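Engineer: Got a structure here, written out as structure tokens. Questions coming.
The values are calculated or read from the model by the stated rules, or taken from the named source; none is laboratory data. Please read these numbers as outputs of a predicted model, since none were measured by experiment. Positions of Cβ are backbone-derived with ideal geometry, glycine not excepted, and every protein chain shown enters the neighbour counts. Accessible surface is based on the protein model in full, side chains and every heavy atom, while ligands, DNA and RNA are left aside. Shrake-Rupley method; radii C 1.70, N 1.55, O 1.52, S 1.80 Å.
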Amino acid sequence: MYVYDEHDRQMAAERVAQFRDQTERALAGELAEDEFLPLRLQNGLYVQRLAPMLRICVPYGMMRSDQLRRLARITRDYDKGYAHFTTRQNVQLNWPALEDVPDILAELAEVEMHANQTSGNCIRNTTTDQFSGVQSDEIADPRPYCEIIRQWSTFHPEFAFLPRKFKVAVNASEHTDRAAIQVHDIGLQMVRNEAGELGFRVHVGGGLGRTPMVGPVIREFLPEMDLLTYLEAVLRVYNRYGRRDNKFKARIKILVKALTPEGFAEKVEAEWQHIKDSPTRLTPEAVQRIQAYFTEPDYAALDNATDLLASQRFENRGFDQWLTHNVDTHKKPGYAIVTLTMKKTGTPPGDVSDKQLEQIADLADEFSFGEVRVTHQQNVVLADVRQDRLLELWQAITPMGFGTANLNTLTDVICCPGGDYCALANAKSIPVAEAIQRQFDDLDYLYDLGNIDLNISGCMNACGHHHVGHIGVLGVDKKGQEFYQISLGGSSHHDASIGKILGPSFARDEMPQVISKIIDVYVDKRTEEETFLDTYRRVGIDPFKERVYA
Amino acid sequence: MPNVISPDGSIRQDNWVVMPRPAEGESLDIPADQPALIPADLWLAGYEHFTGRQDIGVWFDSHDEPEILDGRVNELPVIAVNFPKFSDGRGYSIGRLLRERFGYVNELRAIGDVLLDQLQFMKRCGFDAYVLRADKDITKAQKCLNFFSQGYQAATDTEIPLFRRRAS
Ligand code: HEM
Ligand code: SF4
């Protein structure tokens, strides 16, 4: 994992001092509300329905155990003893006091953490696949490139006041996309060209929110060393020509659509020609220097523990289910990737207490070289667990509530904070998630249904990514009442698509029944091999409509 | 007379006046006794008349294209860029283009909604004169220009990004 050197440390400390000064000037009335707004947003501080909310950056989802322990302490000392994992691999505190935020940031800086650019109209945290570096089908480890982008984008003087927020995601797996790159402002897919050279396929202009769009490809192959100069060209074109007259039309997707992807690509190429050979062009040494931070941990030379696991499975059905669903194949023999699910029924998806944060830290130290990854599905990954210790790990996490074996099933819901916490909400989202989790509490049935992404947002800002859920739920306001609109057929993976609206919306208490009917249609229509999405794509939306509105 | 802040935070006064764009059909009124900044396209339109004058500079608005002056920038003693609202970041790109692409070497002035916390970005993007909005405390400019001792990326002020400095 990346470790700060004296330059990073110095800038982190300077940033804290700067924000302390800004906060003092704001509290003294020297900065108007709207003048302080972007400054605090760029330090992660929102003001919400109930209290300020602090979004802490977890660069591309990677955290060490000492950082988790510091987060736990911060939630205890400055907040109500819990935190929330977000859908962009970050962590949020829901109740910090404004005047404490500089102290919180100082405590974070001590463990090489910050809240820089986690909000505001600037370049946000770069996200990636939570299985980076441990899966066998990746082109290269994407994390060094994420770190290179993090450094380039941090305090970038030209791009601190963009028309709107800007998110970059990188994916390196050939067969899966766990980073949802096609619904980002820039999505970078690592590829090799015919000569075997490393590079990126560049998607620009994806995004959710009010105008959901899958990002078109604007360059098929960008050589590795050209990464930053090309990003700079994209951002410059956006900064200059993105709309600023209407907040709802200010994302880069609107510009790409207006110019057409080809027209946009031409403008970027023209800009890039001027800067492609500037000193911002990466060097092999610079890339290697960052790669050296992401070397393999000290793996033991092991064989796969196939026989041991088989007998342990045989003796213990719960372990068997968990192994099948929450444990993934590791590139190293004898190791496994474990996802701790934060989706226990009755707990808001992604919420963790201070105690749980410390438990996760202990688990990381004990089982996974002291590191974890946060996923955009709001779960936590232990990436390097020995197979012969999986049973022990499973026994440890079951009482902690991280062992629910529902990964990627219907009840592994992605859900925004919604009306319980968020001032922009049309409707609550957490109770809907919970009602659906209660309705589908039979694990065997869930397994039979297979992989279903259920995503819930409390309003069209789409924090819960409802457009790309196989089943999406959106809170809407109908004459002051909370209602829910359903869409089907979305996907955030390689086959990215935006879901289609089913029809008129429903009251909250109808929702579990409605979801059941949708599931019934799938069960009736599916062939042996089909997932929910396959069936939907084959039969279309009509059979679902007929059943639900019958 | 405006107070003008320099990149080191020191303050001086001068009497450059910004001439607003005249309404449709009106002509530009240039003061006889004071140096003036006029809209860049009007300077070009009256090029024969204006070029070489040390008391005439130009200003760009944030949506203007600095490309129109390519090749002529150094005929101007001062170029100003207007920030109509502090949150409009287009001026930063204009600054970098004037300096890094068109090779402008004379004074680059930030005008308009120029606040303390934006000075650091202006400085990195090539601005070397800042006219702070009048209600802001100019004595804090020096502090606000100097919160950071370095930056990660190359910009007008540092041609070499940190990743290359680290390597050497
Ligand atoms: C609680 C208060 C919150 C507020 C007020 C809020 C507000 C917003 C707004 C206004 C947008 C839309 C931006 C746009 O139109 O482009 C947005 C997008 C988003 N939010 Fe939130 N949010 C909140 C919490 C969260 C949380 C807790 C998460 C993570 C679980 C989250 C994840 C996201 C994501 C991923 C997007 C991006 C959707 C896209 O790609 O356009 N938000 N948020
Ligand atoms: S989707 Fe809407 S309700 Fe949910 S957190 Fe985002 S802004 Fe709030």
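Engineer: So how do B:140, A:247, B:85 rank on accessible area, 1.4 Å probe, biggest first, that is with the largest at the start? Before the final figure, lay out each step's value.
Structural biologist: Numbers: B:140 45, A:247 130, B:85 85 Å².
Correct descending sequence by accessible area is A:247, B:85, B:140.
Engineer: Still on this model: Would you rank A:421, A:2 by solvent-accessible area, highest first, keeping every protein chain in place and using a 1.4 Å probe?
Structural biologist: Ranking A:421, A:2 by accessible area, largest first, yields A:421, A:2.
Engineer: Can you compute 3J(HN,Hα) from phi for each residue in region A:472-482, using the Karplus curve 6.51 cos²θ - 1.76 cosθ + 1.60 with θ = phi - 60°, rounded to whole Hz and x for Gly and Pro?
Structural biologist: x, 10, 10, x, 10, 9, 10, 6, x, 9, 7
Engineer: Going by Cβ distance under 4.7 Å, what cysteines of chain A have no possible disulfide partner?
Structural biologist: A:57, A:122, A:146, A:415, A:422, A:459
Engineer: Shape of region A:277-361 from its Cα gyration tensor (a ≥ b ≥ c, root eigenvalues): rounded if a/c is under 1.5, otherwise prolate when a/b > b/c, or oblate? The partial results should precede the final answer.
Structural biologist: Working: a/c = 3.08, a/b = 1.51, b/c = 2.04.
Oblate, since a/c reaches 1.5 and b/c is not below a/b.
Engineer: Right, something else. Other chains near A:21-31: what is the mean number of their Cβ atoms within 10 Å of each residue's Cβ?
Structural biologist: On the way: counts 6, 4, 0, 0, 5, 0, 0, 0, 0, 5, 4.
Whole-number average of other-chain Cβ neighbours for A:21-31 is 2.
Engineer: Between the alpha-carbon centers of region A:297-369 and region A:380-445, tell me the distance in whole angstrom.
Structural biologist: Result: 14 Å between the Cα centres.
Engineer: On a straight-distance basis, which aspartates and glutamates could pair with residue B:123 in a cross-link, Cα separation under 13 angstrom, same-chain partners fewer than 8 positions away excluded?
Structural biologist: By straight Cα distance, residue B:123 reaches A:158, B:8, B:107, B:157.
Engineer: Within chain A, what whole-number % of the accessible surface is contributed by carbon and sulfur, with the 1.4 Å probe and all protein chains included in the calculation?
Structural biologist: The nonpolar share, carbon plus sulfur, comes to 49 percent.
Engineer: Also, quick follow-up: Using a 1.4 Å probe on the protein heavy atoms only, what accessible surface does residue B:87 show? Give it in Å² to the nearest 10.
Structural biologist: Per-residue accessible area (residue B:87): approximately 50 Å².
Engineer: Once the principal axes of the Cα atoms of region B:75-129 are found, what is the range along each, listed largest first in whole angstroms?
Structural biologist: 29, 17, 16
Engineer: Enter the mean number of other protein chain beta carbons within 10 Å of the beta carbon of each residue in B:97-106, as an integer. Please list the in-between numbers first.
Structural biologist: On the way: counts 5, 0, 0, 3, 3, 0, 0, 0, 0, 0.
Per residue, the average neighbour count from other chains is 1.
Engineer: So who's got an amide H within less than 5 Å of the one on residue A:62, skipping anything under 5 residues away but keeping other chains? H placed 1.01 Å off N, in plane.
Structural biologist: Placed amide hydrogens put A:374 under 5 Å from residue A:62.
Engineer: Let me ask something else about it. Under a 5 Å amide H to amide H cut-off, with H placed in plane at 1.01 Å, what residues pair with residue A:351 once short-range neighbours are removed?
Structural biologist: Correct list: A:85.
Engineer: Using only atoms on other chains, find how many Cβ atoms lie within 10 Å of each Cβ of peptide B:142-151 and report the average. Provide the component values of the computation, followed by the final result.
Structural biologist: Details: counts 0, 2, 4, 0, 2, 9, 8, 5, 5, 7.
So the per-residue partner count for this stretch is 4.
Engineer: Could you report the protein assembly as shown's accessible area per residue, 1.4 Å probe, as an integer in Å²? Could the numbers behind the result be given before it?
Structural biologist: Values: 27200 Å² over 718 residues.
For the protein assembly as shown, the per-residue accessible area is 38 Å².
Engineer: Moving to a separate point now. Charges at C-beta only: +1 for Lys and Arg, -1 for Asp and Glu. How large is the resulting dipole of chain A about its Cα centre, in Debye rounded to 20? List each step's numbers first, then the result.
Structural biologist: Values: 61 positive and 79 negative charges, 415 e Å.
Dipole of chain A, to the nearest 20 debye: 2000 debye.
Engineer: At a 10 angstrom cut-off on C-beta neighbours, averaged per residue, how do the peptides A:358-370, A:428-440, A:473-485 rank from highest to lowest?
Structural biologist: Numbers: A:358-370: 19.8, A:428-440: 21.5, A:473-485: 17.6.
Packing proxy ranking, top to bottom: A:428-440, A:358-370, A:473-485.
Engineer: Ignoring ligands, DNA and RNA, how do B:33, B:157, A:177 rank by accessible area with a 1.4 Å probe, largest first? Please report the intermediate quantities before stating the final value.
Structural biologist: Details: B:33 130, B:157 85, A:177 0 Å².
Heavy-atom accessible area, descending, gives B:33, B:157, A:177.
Engineer: So which lysines pass the test for residue A:257, namely a Cα distance under 28 Å, with those fewer than 8 places away in the same chain ruled out?
Structural biologist: Answer for residue A:257, where 28 Å is the Cα cut-off: A:165, A:167, A:247, A:249, A:267, A:276, A:500, B:85, listed by chain and number.
Engineer: To continue, here is another question. Would you calculate the convex hull of the Cα atoms in the protein assembly as shown and tell me its volume per residue in Å³?
Structural biologist: Numbers: hull volume 125.1 nm³, N = 718.
Taking only Cα atoms, the protein assembly as shown has a hull volume of 174 Å³ per residue.
Engineer: Follow-up question, since we're still on this one. Tell me the mean residue ellipticity at 222 nm calculated for the protein assembly as shown from its helices only (DSSP H runs of n ≥ 4, each -39500 (n - 2.57), averaged over every residue, nearest 500).
Structural biologist: Numbers: 24 runs with 235 residues, N = 718.
Helices in the protein assembly as shown give a 222 nm mean residue ellipticity of -9500 deg cm²/dmol.
Engineer: Give the shape of region B:38-168 as rounded, prolate or oblate, defined through the alpha-carbon gyration tensor: a ≥ b ≥ c are the square roots of its eigenvalues, a/c under 1.5 means rounded, and otherwise the shape is prolate if a/b is larger than b/c and oblate if not.
Structural biologist: Working: a/c = 2.23, a/b = 1.37, b/c = 1.63.
Because a/c hits 1.5 or more and a/b fails to exceed b/c, region B:38-168 counts as oblate.
Engineer: Then there is this: Given just the C-alpha atoms of region A:135-293, how large is their convex hull per residue in cubic angstrom? Intermediate values should be presented prior to the final figure.
Structural biologist: Values: hull volume 18.9 nm³, N = 159.
Each residue corresponds to 119 Å³ of Cα convex hull volume.
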